[in-house]
Amino acid sequence: MHKMCFAVNAFPIAQKNCDYDGYKISFKLRIHFRVFMIKRTFLLFLCLTTLPCFPDCIKLSDSSEFIELTKYLEVFEDISNKVDIAQIDKQTFVPHSGNGFPFVKDVDNTYWVRFCLQSNASSSIRWMLENADPHIDEFDLYQTTPAGIKLIQAGYSRPFGIRAYQHKNFVFDLHVGPTPQWFYAKIKSSHHNPFIFKLTSNNYLIWYALNEYYLLGIFYGILIIMAIYNLIIYFSLKENLYLFYVVYVACCALLTLSEDGLGFQYLWPDSPGLNSVLAGIAPLLLVLSFTFYSKVFLELKTNLPKLDQLLTWMMIVYVPFFFLDLTVFKISKDFPIYIIPFSILYIAAILCWKSGFRQARYFLLGYSFMFISIILLLLRMTGLYHLNTILSVYSFNIGMVFEVVMLSFALSDRLRIIRAEREQAKEKIIQQLQENERLKDKVNRELEEKVKERTKEIAEKNSLLENANEKLKDQAEEIQRMNLLLDADNRKLQNNVKDLVKARVMQEEVDFEEFRKIFPTEDSCYRYLAELKWEKGYTCRKCGHLRFCDGKEKYSKRCTRCRYDESPTAYTIFHRLKFDVLKAFYMVFLVYANKGKITSLELSQMLKLRQSTCWTFSKKVTKAMKERKKTISTDGHGWSYLIMDPEEEDEN
């Protein structure tokens, strides 16, 4: 066995000391040795090619003031949550690969992130580490110094005052020397937050932070201006829609304050527990305020009543489910359930716009920006989207600015449309008042002429009576007696006239009670008028359009083009009638049946109306009879043709 023991350098010496048999054995060993060396070389090559490529130590120089550390990071996932800084060197770190950021994949585990830095001995730059996601609950940075390991803490669940710098993100001083130095970050979070590590110089960080805070100030300034402007409009118009808009803008500001970290920095720095509360409550308030605002703005109760009821019931169920989800189910960590009502409202806006609701155009345009930004925000919060661009980090803010401005335009457009409709209504009222004034002047002129004629007639009669009195002074007693006789004759004559009228009516075999059997109610009269007016079809008197729908009053018709509403009494003898239409029908019949010779006194006694009312309407009927004398006598329709206005009949 001693002949078989050898070393690589002693192999020739062992060969000289062997005999012939030993030489054979050494020859065989030499062959086996060469095979062994070939296998060892192959295995060594295989191991070198398959070992992971660890990130190089970053060498800092004065030529660069900003470095993205993503590709230099190594990550270790602590499943036990018990590893501390003393044990971290014994753990296996995995270099990050891929285009995105490493992030918290499992919220129940702790993550360690490390990177190596080395600077030039002559470098004068003061280097800073910034983590751009401020929502990590616990962030501990360990760095090795000559005095030992230094710990710097920050986090969304810790008081803001413990941070090294009063910045909304996590910012740390790094003491980098000419020798390679490892830095460790211990991360624990309840959300899928990305690890956005950026290495910047002090000057670059100050420049970037000032610009970032300046733009955020503009953003919140726009929200405040829009809220105050619409609040002033609300106090002026007393319309709840503007108040809903102000509440919605306030909820948007509350959500963004909790999202970008400014609220934690300036409003509640000593209450870190409020961050988790607002992170859960702010989306609920945003959904509720936007739902109420959208329902009122889009007028869903009128335009889409079924969808309006669906949203109402969804909000009733959503509120308790939301709190149960925060405490029990915790579904929103993987799938934010508040995207559902936002999606339904977006569909409702599209349907309203397609149905011709003009006010929905600006609403839909602004909401499109907001909807896209909400989707990007949710993807980033759930860990599905990790790009670190200005559009991704502040996508919600940008979308909200566009939406707030567009919704303000939508409110202005809605107000403009309402004002235009009111102006049209005012113009119609003014036209109607002018028409009423014209008719009143016409009636007054006619009454004045009749009063003048009557006054003149009375004056002539008085003159004749005075002359007669002068001539008949001597026969006063005889005249008195004759007057008494004449009065008696007049009374008899009036009684005879009444009997004759009654006889004529009776000859037609239709009295008021029998007439009421034909037209028992006012509704039957209006129905008859509508059938008589539009028996040849409907034509709008304003624009000539042929299509119509039901109007405001019963049996009225409204033009579908110009929206002109025409009642059944318009353009008839009953237009602007001041008493019962059933009695007016019977009065037309009586005047027609008596060929206009019935007196207003008789009509008043039969219909129990004032004599002046009967006199005015009977004159109107008599006038119509004279104008249509030839038509009535030849067409065979009788008194019904007295109802229609002569101008209407000429047009037809």
- Item | Leading residue by the ranking (farthest from the chain's Cα centre (by Cα)) among those in the range 175-206 that are more than 20 Å from Tyr111 (Cβ to Cβ) and open to solvent by less than 70 Å² (accessible area, probe 1.4 Å) | Gly177
- Query: Within the range 157-194, can you find the residues that are assigned to a loop (DSSP other than H, G, I, E, B), in contact with a Ser or Thr (Cβ under 9 Å, 6 or more places away or on another chain) and over 21 Å from Lys82 (Cα atoms)?
  - Reply: Pro159, His175, Val176, Gly177, Pro178
- Note on the structure: Of the residues in the range 67-115, those that are in a loop (DSSP other than H, G, I, E, B) and acidic (Asp, Glu) come to Asp84, Asp106, Asp108
- Message: Scan the range 283-294 and tell me whether some residue there is within 23 Å of the chain's Cα centre (by Cα), within 30 Å of Ser190 (Cα to Cα) and among the hydroxyl-bearing types (Ser, Thr, Tyr).
- Response: yes
- Task: Kindly provide the set of residues from the range 116-153 that are touching a Lys or Arg at 6+ places or on another chain (Cβ under 7 Å) and in a loop (DSSP other than H, G, I, E, B), ordered by number.
- Result: Ala132, Pro134, Asp137
- Message: Among the listed residues Ala154, Ala209, Ala147, identify the single one that is open to solvent by less than 10 Å² (accessible area, probe 1.4 Å) and aliphatic (A, V, I, L, M).
- Response: Ala154
- Item | Residue check, Ala164 out of contact with any Asp or Glu (no Cβ under 9 Å at 6 or more places or on another chain) and either open to solvent by 20 Å² or more (accessible area, probe 1.4 Å) or at pLDDT 85 or above (or both) | no
- Query: Do you know which residues across the range 554-595 are acidic (Asp, Glu) and either farther than 20 Å from Pro520 by Cβ or crowded, with 17+ Cβ neighbours inside 10 Å (or both)?
  - Reply: Asp565, Glu566
- Query: Mind checking which residues of the range 424-445 are open to solvent by 80 Å² or more (accessible area, probe 1.4 Å) and either at pLDDT 90 or above or under 18 Å from Trp615 (Cα atoms) (or both)?
  - Reply: Lys440, Lys442, Arg445
- Message: Pro336 - would you say it is within 21 Å of Leu285 (Cβ to Cβ) and at pLDDT 80 or above?
- Response: no
- Which residues, taken from the range 515-543, are aliphatic (A, V, I, L, M) and open to solvent by less than 50 Å² (accessible area, probe 1.4 Å)? Leu529, Ala530, Leu532
- Enumerate the pairs (first residue in the range 128-148 and within 20 Å of Val277 (Cα to Cα); second residue anywhere and assigned to a strand (DSSP E or B) and open to solvent by 30 Å² or more (accessible area, probe 1.4 Å)) with beta-carbon separation below 7 Å, excluding pairs fewer than 6 apart on the same chain, so at least 6 apart or on different chains. Asp137/Lys188; Glu138/Lys188
- Note on the structure: Cys116 meets each of (1) at pLDDT below 90; (2) hydrophobic (A, V, I, L, M, F, W, C); (3) surrounded by 14 or more Cβ atoms within 10 Å (Cβ to Cβ) with one exception, condition (1)
- Between a first residue in the range 620-637 that is closer than 24 Å to Thr599 by Cα and open to solvent by less than 30 Å² (accessible area, probe 1.4 Å) and a second residue that is modelled with pLDDT under 60 and not in a helix (DSSP H, G or I), which pairs have beta carbons less than 7 Å apart while being 6 or more apart in sequence or on different chains? none
- Note on the structure: Within the range 65-122, residues being touching a Leu at 6+ places or on another chain (Cβ under 9 Å), closer than 19 Å to Glu138 by Cα and among the β-branched types (Val, Ile, Thr) number 2
- Restricting attention to the range 462-502, the residues that are assigned to a helix (DSSP H, G or I) and either modelled with pLDDT under 75 or under 30 Å from Asn594 (Cα atoms) (or both) number exactly 27
- Query: Within the range 415-423, can one find any residue that is out of contact with any His (no Cβ under 7 Å at 6 or more places or on another chain), more than 30 Å from Leu241 (Cα to Cα), aliphatic (A, V, I, L, M) and surrounded by 10 or more Cβ atoms within 10 Å (Cβ to Cβ)?
  - Reply: no
- Restricting the search to the range 269-279, which residues are crowded, with 18+ Cβ neighbours inside 10 Å and either out of contact with any Phe, Trp or Tyr (no Cβ under 7 Å at 6 or more places or on another chain) or on the phi > 0 side of the Ramachandran plot (or both)? Leu278, Ala279
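The values are calculated or read from the model by the stated rules, or taken from the named source; none is laboratory data. Predicted model only: the values in this text are computed from it and were never measured. Using ideal geometry, Cβ is built from the backbone for each residue, glycine included, and neighbour counts are taken over all protein chains shown. Heads up: the accessible areas ignore ligands, DNA and RNA and are worked out on the full protein's heavy atoms, side chains in. Shrake-Rupley method; radii C 1.70, N 1.55, O 1.52, S 1.80 Å.
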